[in-house]
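Laboratory data are not the source of any read-out in this text; all were calculated from the coordinates shown. Note that the coordinates shown come from a computational prediction; the quantities given were computed from them, not determined experimentally. Here the Cβ positions follow ideal geometry from the backbone for every residue, glycine too, while neighbour counts run over all protein chains shown.
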Amino acid sequence: MDRDWIAEAKRVFAVEKPEHFTNYRHCCECAEHDKTLLAHTLDSIGLEQLGSPAWDPLCFCAAEGLKYCLPAMVRLSLETIADECYFEQMLFHLTYGWRDNRLLTICSVAQRIFVAEFLYHMVLNFPSELDYSVTADNALSAYELWQQA
């Protein structure tokens, strides 16, 4: 039986939607990113909102906002693995700051295990897609980080 990664992510990361995702009073950019994230659900947010590394609202998110959005990152990674490969951007969020990664530090053991298993799944099941998009090494490094935490 295939594992339903999206449903499981929603279950493991079932947290309330934050009242605000960013320090929205900081500047216009933070306010815009906050507005974008508030306007969407885990099911409706897409590549248009999260797919640009140069304009990614999750980079401005508090750790709690990233935690809330993880199921959307899992969904987008799976949906785009064959073409646009959002997975690369997800890896950035999972590894930025390495052991001090803001998401890693607030996740429970069960959440960390889920992330490590998802990373393993991606490496095992999509080797050619990951090699093509030059993310295989990054995915293995992310797996090692999350698996050891």
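Once both labels are modelled 7 Å past Cα along the beta-carbon direction, what's the Leu124-Leu140 spacing in nm?
With each label point 7 Å from Cα toward Cβ, the separation is 1.6 nm.
Per residue of the chain, what 222 nm ellipticity follows from adding -39500 (n - 2.57) for every DSSP H run with n ≥ 4, rounded to the nearest 500?
My calculation for the chain gives -18000 deg cm²/dmol from helical runs alone.
Taking segment 1-116, how much of its Cα-Cα pair set, in percent, is spaced more than 22 angstrom apart?
Here the long-distance tail beyond 22 Å is 28 percent of all Cα pairs in segment 1-116.
What is the angle, in °, between the Cα long axis of helix 136-148 and the longest principal axis of the Cα atoms in the chain? Nearest 10 is fine, range 0 to 90.
The answer is roughly 80 degrees.
Taking θ = phi - 60°, what integer Hz values does the Karplus form 6.51 cos²θ - 1.76 cosθ + 1.60 yield along segment 115-120, in sequence order, with x for Gly and Pro?
Residue by residue, segment 115-120 yields 4, 4, 5, 5, 4, 4 Hz.
Calculate the dipole size of the chain relative to its Cα centre from +1 charges on Lys and Arg beta carbons and -1 charges on Asp and Glu beta carbons; express the result in debye to the nearest 20.
560
Sort Trp5, Trp98, Trp55, Trp146 by Cβ crowding within 10 Å, fewest neighbours at the top.
Trp98, Trp55, Trp5, Trp146
With a point put 7 Å past each Cα toward its Cβ, work out how far Cys28 is from Ser108 in nm, to one decimal.
Output for this residue pair reads 4.2 nm.
Take every Cα pair under 8 Å in segment 5-148 that's 6+ residues apart, average their separations, divide by the length, and report that relative contact order as a whole percent. Could you put the intermediate results ahead of the total?
On the way: 159 pairs, mean separation 32.3, N = 144.
Result for segment 5-148 is 22 percent.
Would you mind ranking Thr95, Thr22 by Cβ crowding within 10 Å, fewest neighbours first?
Placing the least packed residue first, the sequence is Thr95, Thr22.
Net charge around Trp146, counting only other residues with Cβ within less than 14 Å of its Cβ (Lys, Arg = +1; Asp, Glu = -1)? Could you put the intermediate results ahead of the total?
Numbers: positive: Lys67, Arg99, Arg102, Arg112; negative: Asp100, Glu117, Glu144.
My count for the surroundings of Trp146 gives +1.
Could you work out which residue, out of Leu104, Leu70, Leu42, moves most in a Gaussian network model of the chain, that is, has the largest mean-square fluctuation with Cα springs under 10 Å?
Fluctuation is largest for Leu42.
Could you calculate the contour length gain from Ala82 to Ala63, that is, 0.36 nm times the residue separation minus the distance between their Cα atoms, to one decimal place in nm? Each step should come with its number before you reach the end.
Values: separation 19, 0.36 × 19 = 6.84 nm, distance 2.86 nm.
Net length gain for the segment: 4.0 nm.
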